[in-house]
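Participant: Take a look at the following structure, please.
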Amino acid sequence: KAQAAVKIAKRSGKVEIYRNGVLKEAQRRFSIESRLRDALAQGGLTLAYQPLIHLPTGEITGFEALARWNDAELGNVSPVEFIAVAEESGLITPLGRWAAYEAAQALARWDAKFGQPMPVGVNVNLSPIQMARDDVGAMFEEALRYSGIAGRRMTAEITESAIIADPDKARKLLVALKDLEMSIAMDDFGTGFSNLASLHSLPIDILKIDRSFVFSMLEDRDKAVIVRTILSLAESLNLKVTAEGIETQDLALALQKMGCWQGQGYYFAKPMNETDAFDYWRARWNFETI
Ligand code: C2E
Ligand code: MG
Ligand code: MG
Ligand code: MG
């Protein structure tokens, strides 16, 4: 029966299409890996900076640093795609190191432009693979020292899966980051399976509510319930909350009213290059309104 199916599929060209699909996928993965290796060696990646807004006042508290890659052959490749390849291929080690140094250096360059330390920080994303494999504490210590940036101006964004994989290792790492006076944010919160005990016992400062809950919370009662639950959980555990994916003023105002600490999303600004992010901040830093 299966053979008959293959025969029919062959006749209709479906096996060919399937085979081509798998081949194409493998080829793309391979070319991403080899071109990403070159890009990392030659400084071909950049960071984009998306503002983080203190919702009670509208002040810009910092920026999330997001990796960007525009390749001559592949064009713009989404970080969702190239971070996954970096994780599978081991390139996440040099990529993660580059991101930490580059974010700290960007702060130093902004401070130099401004003429004094700016009252903003930068968030850097950490991959669970990177946390399992690399000495991320030493990496940040060196990046901060190299750039002359105070640790309290940097936040590490981690995910729930990094803690589930190896809780003891995660604890040691987070404690090392806290020793540097860095903050820890739990990214994409609500999409994973963290247990409440670990949220309470690990030195986590911030929960970032995943944008899948935020963007439809005004139309979808279930989403609104989840957001409210995360906000009250955070209050009980003495954690701050950032809502990601705020695309409208209605959402910004609703979250402000609900007592959410910080917001991020296209309503405020899309991720911007280093120069535009600085100009965005300089034009607004002493104005306060959302
Ligand atoms: P993330 O850390 O959850 O970052 C937030 C993502 O949401 C970013 O996507 C951002 O551009 C997008 N976003 C922000 N506001 C809005 C909004 O209002 N609406 C919508 N629809 N999207 C919004 P991006 O830049 O494509 O990054 C995707 C993911 O790639 C990140 O998710 C993060 O997990 C990963 N990533 C990016 N840079 C790095 C990095 O340097 N290291 C590691 N390990 N991961 C990174
Ligand atoms: Mg993030
Ligand atoms: Mg996120
Ligand atoms: Mg995300």
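Participant: Give 211, 145, 152 a once-over and let me know the one that is within 28 Å of residue 118 (Cβ to Cβ) and within 14 Å of ligand 3 (Cβ to nearest atom).
Facilitator: Values: 145 fails: within 14 Å of ligand 3 (Cβ to nearest atom); 152 fails: within 14 Å of ligand 3 (Cβ to nearest atom).
One residue alone meets the criteria, 211.
Participant: Of (1) more than 16 Å from ligand 2 (Cβ to nearest atom); (2) surrounded by fewer than 17 Cβ atoms within 10 Å (Cβ to Cβ); (3) at pLDDT 95 or above, residue 80 satisfies all except one. Which?
Facilitator: (1) is the only condition that residue 80 fails.
Participant: Any residue in the stretch 53-60 that is surrounded by fewer than 22 Cβ atoms within 10 Å (Cβ to Cβ) and within 16 Å of ligand 2 (Cβ to nearest atom)?
Facilitator: No, because not a single residue in the stretch 53-60 is surrounded by fewer than 22 Cβ atoms within 10 Å (Cβ to Cβ) and within 16 Å of ligand 2 (Cβ to nearest atom).
Participant: Further, regarding this structure: So is residue 216 out of contact with any His (no Cβ under 9 Å at 6 or more places or on another chain), small (Gly, Ala, Ser) and either away from ligand 4 (no atom under 16 Å from the Cβ) or on the phi > 0 side of the Ramachandran plot (or both) or not?
Facilitator: Details: out of contact with any His (no Cβ under 9 Å at 6 or more places or on another chain): yes; small (Gly, Ala, Ser): yes; either away from ligand 4 (no atom under 16 Å from the Cβ) or on the phi > 0 side of the Ramachandran plot (or both): no.
Considered against the rule, which asks whether it is out of contact with any His (no Cβ under 9 Å at 6 or more places or on another chain), small (Gly, Ala, Ser) and either away from ligand 4 (no atom under 16 Å from the Cβ) or on the phi > 0 side of the Ramachandran plot (or both), residue 216 comes out as no.
Participant: Tally the residues that are part of a strand (DSSP E or B) and within 21 Å of residue 104 (Cα to Cα), restricting the search to the stretch 55-79.
Facilitator: Taking the stretch 55-79 as the starting set, the residues that turn out to be part of a strand (DSSP E or B) are 60-71, 75-77.
Next cut, within 21 Å of residue 104 (Cα to Cα) only: 60-69.
Of the residues in the stretch 55-79, 10 are part of a strand (DSSP E or B) and within 21 Å of residue 104 (Cα to Cα).
Participant: On the basis of being on the phi < 0 side of the Ramachandran plot, surrounded by 21 or more Cβ atoms within 10 Å (Cβ to Cβ), away from ligand 4 (no atom under 16 Å from the Cβ) and small (Gly, Ala, Ser), does residue 252 make the cut?
Facilitator: Values: on the phi < 0 side of the Ramachandran plot: yes; surrounded by 21 or more Cβ atoms within 10 Å (Cβ to Cβ): yes; away from ligand 4 (no atom under 16 Å from the Cβ): yes; small (Gly, Ala, Ser): yes.
Spelling it out, residue 252 is indeed on the phi < 0 side of the Ramachandran plot, surrounded by 21 or more Cβ atoms within 10 Å (Cβ to Cβ), away from ligand 4 (no atom under 16 Å from the Cβ) and small (Gly, Ala, Ser).
Participant: Same structure, new question: Go through the stretch 191-209 and count every residue that is surrounded by 21 or more Cβ atoms within 10 Å (Cβ to Cβ) and within 12 Å of ligand 1 (Cβ to nearest atom). Full working, then the answer.
Facilitator: Of all residues in the stretch 191-209, those surrounded by 21 or more Cβ atoms within 10 Å (Cβ to Cβ) come to 204, 206-209.
From the residues that got through so far, the ones that are within 12 Å of ligand 1 (Cβ to nearest atom) too are 208-209.
Within the stretch 191-209, residues that are surrounded by 21 or more Cβ atoms within 10 Å (Cβ to Cβ) and within 12 Å of ligand 1 (Cβ to nearest atom) number 2.
Participant: Still on this structure, I have one more. Give all pairs with beta carbons closer than 6 Å in which a residue from the stretch 155-174 that is within 14 Å of residue 200 (Cα to Cα) meets a residue that is within 16 Å of ligand 2 (Cβ to nearest atom) and at pLDDT 90 or above; count only pairs at least 6 apart in sequence or on separate chains.
Facilitator: Partner pairs satisfying both residue conditions: 174/184.
Participant: May I pose another question? Can you confirm whether residue 65 is closer than 20 Å to residue 264 by Cα and within 15 Å of the chain's Cα centre (by Cα)? Write out each step before concluding.
Facilitator: Numbers: closer than 20 Å to residue 264 by Cα: yes; within 15 Å of the chain's Cα centre (by Cα): yes.
Spelling it out, residue 65 is indeed closer than 20 Å to residue 264 by Cα and within 15 Å of the chain's Cα centre (by Cα).
Participant: I would also like to ask the following. Give the residues of the stretch 177-200 that are among the small types (Gly, Ala, Ser), within 16 Å of ligand 4 (Cβ to nearest atom) and modelled with pLDDT under 90, sorted by residue number. Talk me through it step by step, then tell me what you get.
Facilitator: Step one: filter the stretch 177-200 for residues among the small types (Gly, Ala, Ser), giving 183, 185, 190, 192, 194, 197-198.
Checking which are within 16 Å of ligand 4 (Cβ to nearest atom) leaves us with 185, 190, 192, 194.
Of everything in the stretch 177-200, those that are among the small types (Gly, Ala, Ser), within 16 Å of ligand 4 (Cβ to nearest atom) and modelled with pLDDT under 90 turn out to be 190, 192, 194.
Participant: Would you be able to tell me the number of residues in the stretch 91-126 that are in contact (Cβ under 8 Å) with a residue 60 or more places away in the chain and away from ligand 4 (no atom under 16 Å from the Cβ)?
Facilitator: 10
The values are calculated or read from the model by the stated rules, or taken from the named source; none is laboratory data. Only a predicted model underlies this, so the values are computations on that prediction, with no experimental measurement involved. Note that we place each Cβ from the backbone using ideal geometry, even for glycine, and neighbour counts take in every protein chain shown.
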